[in-house]
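Heads up: the structure comes next, in structure tokens.
The values are calculated or read from the model by the stated rules, or taken from the named source; none is laboratory data. Just so we're clear, the structure is a prediction, and the values are computed from it rather than from any experiment. Here the Cβ is made from the backbone with ideal geometry for all residues, glycine too, and neighbour counts use every protein chain on show.
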Amino acid sequence: MARPPEFDRAEALTEALHLFWERGYDRTSIRDLTGVMGISAPSLYNAFGGKKELYEEAVAEYERSPAVVVGQAVGEPTARDFVEKMLEAAVREYGSDEHPRGCFVISDPLLDENRRVARDVIRDRLRQAIDTGDLPGGADVEALTDYLDVFLRGLSSRARDGADTATLRGAADVALRAWPSGL
């Protein structure tokens, strides 16, 4: 009969998520994980299956969290509101001291598919704005998508490098002022 785990699995997962967020998958060892999670290697393997499975579960946990900024904004009524809400969420989440700074998905090279999905969400939301007349039909959706994607990546990088929330907010304010007039 299997013994029940002697640790809080959700708390251990959060600790692993934060470590992967700070270091990335490749730079995080089992020893690092067991140390931060406060469990033995056999407990890690029994509870999560292994490093790869733990990483995948941590990514899924992150994707369900409020730290994912694009998803927070997608339901906004206008493209401008969408961009404003997304940037507000990015400033708040990337600069938060409640978890590692920046964006986990942006910072880990292995999460290219997750980045592609977020980019597709941005593109789809901008196309929807054209379809509803919120953006003019001549708007360059690809260029606007690139602009927002590159800006979010840069904001995440600045946060990881220690920029404070005021600095991130200032950059977001400039980005909003750069939103094309007439859109």
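In the range 123-134, is there at least one residue being at pLDDT below 95, assigned to a loop (DSSP other than H, G, I, E, B) and either surrounded by fewer than 15 Cβ atoms within 10 Å (Cβ to Cβ) or assigned by TED's automatic domain parsing to the domain that holds K51 (or both)? Looking through the range 123-134, at least one residue is at pLDDT below 95, assigned to a loop (DSSP other than H, G, I, E, B) and either surrounded by fewer than 15 Cβ atoms within 10 Å (Cβ to Cβ) or assigned by TED's automatic domain parsing to the domain that holds K51 (or both). Candidates in the range 10-36 are the residues that are surrounded by 13 or more Cβ atoms within 10 Å (Cβ to Cβ) and over 22 Å from the mean Cα position of the chain (by Cα); of these, the one that is nearest to G102 (Cα to Cα) is D32.
Return yes or no: is R92 part of a helix (DSSP H, G or I), of a type outside the set (V, I, T) and on the phi < 0 side of the Ramachandran plot? The answer is yes for R92. Counting only helices (runs of 4 or more DSSP H) that fall entirely inside the range 18-79 and contain at least 2 residues that are at pLDDT 95 or above and charged (D, E, K, R), the qualifying elements are 30-37, 51-63.
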